[in-house]
Ligand SMILES: Cc1cc2nc3c(=O)[nH]c(=O)nc-3n(C[C@H](O)[C@H](O)[C@H](O)COP(=O)(O)OP(=O)(O)OC[C@H]3O[C@@H](n4cnc5c(N)ncnc54)[C@H](O)[C@@H]3O)c2cc1C
């Protein structure tokens, strides 16, 4: 029987919500394949597997080992590869988070199989082939990819699919698995120091205020930050600002950056090229500030402010602070 396996990423305490999105999509795929939906829950200390059952997993493989308490890809790769070799799932879904993007190619290499990265759609066709859909050629086309190898591995963008409904009545099996990590695997990477920079969780932000090339110099990012602070929001950026080193890559929104879906997205001095739109056009409300009335961003904006951002943004901040 075909099995679709979801890797339930976690930080040792909490299961990453992308796992619930993958379970939702995984259920649709297994229904078409008439197969089983499973999840792997690997961690340093035991986590409640039932949560994954409530979200639709027929079976949860739970592996607990102190060697998994740090997010070291080589250890997770070894543990997963040995489990996959035993279970033989047809399809393996991994969230395209920073960790998932780093883990998945290692698994694909070890199993000598294919990987389709950053999928935005998944389906099973009439011949029961697994179809992996992702933007290609700078997002201008959507490629439909079928692999010839097995198992078929895909990473899937966060916030692409709805989370599976939670139902405590649902029943499933929890299988405790022995984690197999060689000493060498566990020791290949050593964490010397944990650096806590300006880590942002853009994908979960309710408000994102993003700056683009309309900003003249790096210190003008402060304007964007001040507007974001007024809303209690997070700062995003178009790629040129990231390439110029004005802001860290984890703030980049777009095709090669993060995909966000906040309640409010404010684009300041961003033209709205397809690669940027790919990361934010699903936002609930888009507000664009741009001095060029023909900028493509206005085609997607719910509210457009045509004018100089250096005048509009401070005025917006002033009015918001006054509660107007
Ligand atoms: C493979 C590939 C992947 C890519 N991935 C991404 C990605 O993930 N994210 C991304 O953002 N880009 C990405 N790009 C780059 C993308 O094609 C664009 O070059 C980029 O999005 C443009 O950024 P921008 O809108 O800030 O700059 P511009 O296109 O230069 O636009 C600046 C805008 O600011 C306006 N402006 C200027 N001065 C002012 C002012 N004073 N007040 C108000 N408005 C003003 C202008 O009218 C203009 O519309 C990618 C490109 C490629 C080829």
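With a 10 Å Cβ neighbour count serving as the proxy for reagent exposure, in which order, fewest first, do 276, 16, 144 appear?
Values: 276 27, 16 18, 144 14.
With the fewest neighbours first, 276, 16, 144 line up as 144, 16, 276.
Calculate how many DSSP beta bridges within the stretch 80-181 are antiparallel, expressed in % of all such bridges and rounded to the nearest 5. Don't skip to the answer; put the middle values down first.
Numbers: 9 of 17 bridges.
Beta bridges within the stretch 80-181, antiparallel portion: roughly 55 percent.
Quick one: which of 124-135, 200-211 comes out on top by average Cβ neighbours within 10 Å, and what's the full order, highest first? Let's see the in-between values first.
Numbers: 124-135: 16.0, 200-211: 20.8.
Descending mean neighbour count gives 200-211, 124-135.
Can you give me the angle between helix 17-33 and the longest principal axis of the chain, using Cα atoms only, in degrees from 0 to 90, rounded to the nearest 10?
Result, in degrees: 60.
Rg(Cα) of the stretch 278-324 divided by 2.2 N^0.38 Å?
Dividing the Cα radius of gyration by 2.2 N^0.38 Å gives 1.25.
Divide, for the stretch 109-156, the radius of gyration over alpha carbons by 2.2 N^0.38 Å, where N is the residue count. Walk me through the numbers before you get to the answer.
Details: Rg = 11.0 Å, N = 48, 2.2 N^0.38 = 9.6 Å.
Scaled against compact globular proteins, the figure is 1.15.
Choose one answer from 288, 136, 108: the residue with the largest mean-square fluctuation in a GNM of the chain with alpha-carbon springs under 10 Å.
136
Which percentage, to the nearest 5, of the DSSP beta bridges contained in the chain is antiparallel? Walk me through the intermediate numbers first.
Values: 10 of 56 bridges.
The answer is about 20 percent antiparallel.
So what's the gap between the Cα centers of the stretch 76-125 and the stretch 29-50, to the nearest angstrom?
Here the two parts' Cα centres lie 14 Å apart.
What is the distance, in nm, between label points placed 7 Å from the Cα along the Cα-to-Cβ direction at residue 86 and at residue 127?
Taking the simple label geometry, residue 86 and residue 127 are separated by 3.4 nm.
Principal axis extents for the stretch 3-187, Cα atoms only, whole Å, descending order, please.
Between the extreme Cα coordinates on each principal axis of the stretch 3-187 lie 44, 40, 27 Å.
Would you calculate the separation in nanometres between label points at residue 310 and residue 284, each defined as 7 Å from the Cα along the Cα-to-beta-carbon direction?
Calculated label separation equals 3.5 nm.
Tell me, 138, 38, 238 in order of fewest to most beta-carbon neighbours within 10 Å?
Numbers: 138 12, 38 26, 238 30.
In order of increasing Cβ crowding within 10 Å: 138, 38, 238.
Could you list log10 I(q)/I(0) for the chain at q = 0.07, 0.08, 0.09 Å⁻¹, which the Debye formula gives when each Cα is one point scatterer?
For the requested q values the scattering log ratios are -0.33, -0.42, -0.53.
Which order do the peptides 164-170, 303-309, 154-160 take when ranked by the mean count of other beta-carbon atoms within 10 Å per residue, highest first?
Values: 164-170: 12.6, 303-309: 16.4, 154-160: 23.0.
In decreasing order of mean packing, 164-170, 303-309, 154-160 become 154-160, 303-309, 164-170.
How far, in nm, would the chain grow between residue 219 and residue 193 when pulled straight, counting 0.36 nm per residue and subtracting the alpha carbon separation?
Numbers: separation 26, 0.36 × 26 = 9.36 nm, distance 2.95 nm.
Residue separation times 0.36 nm, minus the Cα-Cα distance, leaves 6.4 nm.
Relative to the longest principal Cα axis of the chain, at what angle does helix 221-231 sit, 0 to 90 degrees, rounded to 10?
Helix 221-231 sits at roughly 70 degrees to that axis.
Running a GNM on the chain with Cα contacts under 10 Å, which residue among 310, 255, 20 ends up with the highest mean-square fluctuation?
For the chain, modelled as a Gaussian network with Cα springs under 10 Å, the answer is 310.
Would you calculate, for the chain, the mean residue ellipticity at 222 nm contributed by helices, counting each DSSP H stretch of 4 or more residues as -39,500 (n - 2.57) and dividing by all residues, to the nearest 500?
Working: 10 runs with 97 residues, N = 324.
Theoretical 222 nm ellipticity from helices: -8500 deg cm²/dmol.
On each of the three principal axes of the Cα atoms of the stretch 1-71, give max minus min coordinate, whole Å, ordered largest first.
For the stretch 1-71, the Cα extents along the three principal axes come out at 37, 22, 19 Å.
When you take every Cα atom in the stretch 202-322, what is the radius of gyration, and what is Dmax, the widest Cα pair distance, in Å?
Both quantities, over Cα of the stretch 202-322: 12.5, 38 Å.
Which angle from 0 to 90°, rounded to the nearest 10, does the C-alpha axis of helix 73-87 make with the longest principal axis of the chain?
Its long axis makes an angle of about 50 degrees.
I need the peptides 53-62, 241-250 ranked by packing, meaning the mean over residues of other C-beta atoms within 10 angstrom, with the highest value on top. Can you show the working numbers first?
Numbers: 53-62: 22.8, 241-250: 15.6.
Result, highest mean first: 53-62, 241-250.
Computed from the coordinates by the stated procedures, all read-outs in this text should not be read as laboratory data. This is a predicted model, so every value here is computed, not measured. Cβ atoms come from the backbone with ideal geometry, glycine included; neighbour counts cover every protein chain shown.
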